[in-house]
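S.K.: Mind having a look at this structure? Questions to follow.
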Amino acid sequence: MTSEPTIIVEGVSKRYGDQHAVRGVDLALMPGECVAMVGHNGAGKSSLIKLMLGLTTPTEGRIRVLGGDPASAAASSIRRQVGFLPENVAFHPSMTGRETLDFYARLKGVPTQGNAALFERVGLESAAVARRVGTYSKGMRQRLALAQALLGAPRILFLDEPTTGLDPALRQSFYEIVAALRDAGTTVLLCSHALTELEGQADRVVVMSRGRKVADGSLATLRGLARLPVRIRLTLADGDVDGLARWVGEDAVLTRLAGGVVELACANDDKVGLVRRIACDGPAVHDIEIVQPSLDEMYAHFLRRPDMVGEAAE
Ligand SMILES: Nc1ncnc2c1ncn2[C@@H]1O[C@H](COP(=O)(O)OP(=O)(O)OP(=O)(O)O)[C@@H](O)[C@H]1O
């Protein structure tokens, strides 16, 4: 990517009294990039988003959003180009969806004419839009919240736990909208605890722990750094697990799963050789599947290894 970062965070720390919410974070986000920020409760994710939104100022360091300081008095033009879906959205229950979005559009200083198209984009039908928000399901409220975040066609979108409480179909349609925005050049920063659903959605993952950035890279990069074992899952034709254990010896760690399925854990570099051996002179198998370490496992690994900051951070 040759374009300029939309967000630059340089050596940023944020303290609330003696509470260190964010510690020495460096981060650059590019246009057209979907970055997932993950971390335990209290890791500093929301604090970092608040800093990038200009709602708070850093105790140390510097933040540039679309070339300016988001917390400066002159930042209203920057904020108009930023969308935010907070973790807990509380809309007024007696207002209709249409009234709610009109209200937020006026607050942001953008014309309300585009609201009908926004409702269509997030999948809220006109009957629903005319109903009071107090009657909405969780999924409808979240669609309205996304429409609010998309007001003014933002160049940067912050989504804090956007899919919590959504059913799988709704989550899928949510990520489809996010992908379309990213493809159109929007920078998307997504906070989530639902790590497994981020696979295939995020171009990059930033892992936060106790206010620090402890890993930053594509899933492939983080997988390489973590060097976690890959699992080769086999369904044996004859069910002879003991025979397989003798055959594989010290080359992999064997685990028995339900239904006669066996897993062999080995280093990623040994994976292809082991699969070749199984195919050539190993036991007969009905099925073979390669299971990469999940994002949950990588996340746990990086939290256990805070010393990897330098290696994992770009
Ligand atoms: N306004 C504040 N005053 C005092 N401490 C705060 C304030 N805001 C955040 N903190 C503290 O800073 C730390 C980081 O909190 P933050 O909300 O950024 O974490 P988080 O990663 O977003 O957590 P969660 O996943 O639970 O939302 C926590 O210890 C929190 O208690």
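Each reported figure results from applying straightforward, stated rules to the coordinates on display, with no laboratory input. The structure presented is a predicted model; accordingly, all values stated were derived computationally and were not measured. Cβ placement follows ideal geometry from the backbone for every residue including glycine, while neighbour counts extend to all protein chains displayed.
S.K.: In what order do CYS266, CYS191, CYS280 fall by count of nearby beta-carbon atoms within 10 Å, going from fewest to most?
M.R.: Ranked by crowding around the Cβ, least crowded first: CYS280, CYS266, CYS191.
S.K.: Sticking with this one: Show me, for the stretch 76-92, the HN-Hα J-couplings you get by feeding each phi into the Karplus relation (A = 6.51, B = -1.76, C = 1.60, θ = phi - 60°), rounded to Hz, glycine and proline as x.
M.R.: Values, residue by residue: 4, 5, 5, 5, 5, 9, 10, x, 9, 10, x, 5, 10, 8, 10, 8, 6 Hz.
S.K.: Where does the charge balance sit around ILE63 when Lys and Arg score +1, Asp and Glu -1, over other residues with C-beta under 9 Å from its C-beta?
M.R.: 0
S.K.: Please compute the alpha carbon radius of gyration of the chain, then divide it by the globular-protein estimate 2.2 N^0.38 Å. Two decimals is fine.
M.R.: In units of the globular-protein estimate, the chain measures up at 1.19.
S.K.: Among rounded, prolate and oblate, which fits the stretch 82-210 when a ≥ b ≥ c are the square roots of the eigenvalues of its C-alpha gyration tensor, a/c under 1.5 means rounded, and a/b larger than b/c means prolate?
M.R.: Cα axes put the stretch 82-210 in the prolate bin.
S.K.: Tell me, what ³J(HN,Hα) does each residue in the stretch 166-175 have, in order and in whole Hz, if you take phi through Karplus 6.51 cos²θ - 1.76 cosθ + 1.60 with θ = phi - 60° and put x for Gly and Pro?
M.R.: 8, 6, x, 5, 5, 4, 4, 5, 4, 5
S.K.: Next question. Rounded to the nearest 500 deg cm²/dmol, what is the calculated helix-only ellipticity per residue at 222 nm for the chain, with -39500 (n - 2.57) per DSSP H run of length n ≥ 4?
M.R.: Value at 222 nm, helices only: -9500 deg cm²/dmol.
S.K.: Still on this structure: Taking the Cα centre as origin and putting +1 on Lys and Arg beta-carbons and -1 on Asp and Glu beta-carbons, what dipole magnitude results for the chain, to the nearest 20 debye?
M.R.: Here the chain has a charge dipole of around 1380 debye.
S.K.: Through the Karplus equation 6.51 cos²θ - 1.76 cosθ + 1.60, θ set to phi - 60°, convert the phi angles of the stretch 16-28 into ³J(HN,Hα) values in whole Hz; use x for Gly and Pro.
M.R.: Those phi angles translate into 10, x, 9, 8, 8, 7, 9, 10, x, 8, 10, 7, 10 Hz.
S.K.: Another one. Give me, ordered by chain and number, the residues 5 or more places off THR56 or on other chains with an amide H under 5 Å from its own placed amide H.
M.R.: Close amide H contacts, sequence-distant or interchain: LEU51.
S.K.: If I model a spin label as a point 7 Å beyond the Cα along the Cα-Cβ vector, how far apart are those points for VAL110 and ASP26 in nm?
M.R.: Output for this residue pair reads 3.3 nm.
S.K.: Oh, and also: With a sphere of radius 11 Å drawn around the Cβ of GLY39, what net charge do the other residues whose Cβ falls strictly inside it have (Lys, Arg +1; Asp, Glu -1)?
M.R.: Result for the local shell: +4.
S.K.: While we're looking at this one, here's another question. Could you tell me which residue out of VAL65, ALA194, VAL133 lies farthest along the dipole of the chain toward its positive end? Charges go on the beta carbon: Lys and Arg +1, Asp and Glu -1, centred on the Cα centre.
M.R.: Result: VAL133.
S.K.: Shifting gears a bit: Taking amide H positions as placed 1.01 Å from N in the peptide plane, with prolines and chain starts having none, which residues 5 or more places from MET30, or on another chain, fall under 5 Å of its amide H?
M.R.: Excluding prolines and chain starts, which carry no amide H, the hits are THR6.
S.K.: Once Lys and Arg get +1 and Asp and Glu get -1 on their Cβ, which of THR255, ALA237, GLN292 lies farthest toward the positive end of the dipole of the stretch 229-292?
M.R.: Going by the charge dipole, the pick is GLN292.
S.K.: May I ask you to derive the relative contact order of the chain, considering only C-alpha pairs under 8 Å and at least 6 residues apart, and to give it as an integer percent?
M.R.: 20 percent
S.K.: Moving to a separate point now. Check VAL285: other-chain or 5+ apart residues with amide H under 5 Å from its amide H, H built from backbone geometry?
M.R.: Result for VAL285 returns ALA237.
S.K.: A follow-up question, please. What does the net charge come to around ASN268 if you take all other residues with beta carbon closer than 12 Å to its beta carbon, with K and R at +1 and D and E at -1?
M.R.: +2
S.K.: Let me ask something else about it. Exposure proxy check: ARG276, ARG79 ranked by fewest other beta carbons within 10 Å?
M.R.: Least crowded to most crowded, the residues run ARG276, ARG79.
S.K.: Regarding the stretch 229-292, what are the three Cα extents along the principal axes, ordered largest first, in Å?
M.R.: Projected onto its principal axes, the Cα set of the stretch 229-292 covers 28, 23, 19 Å.
S.K.: Using the number of other C-beta atoms within 10 angstrom as an exposure proxy, rank ASP251, ASP269 with the fewest first.
M.R.: Sorted ascending by nearby Cβ count, the order is ASP269, ASP251.
S.K.: If you put +1 on each Lys and Arg Cβ and -1 on each Asp and Glu Cβ, how big is the dipole of the stretch 90-129 around its Cα centre, in Debye rounded to 20?
M.R.: So the magnitude is around 160 debye.
S.K.: Next up: Could you work out the relative contact order of the stretch 229-292? I mean the mean sequence separation of Cα pairs under 8 Å and 6+ apart, divided by the number of residues, in percent.
M.R.: 56 percent
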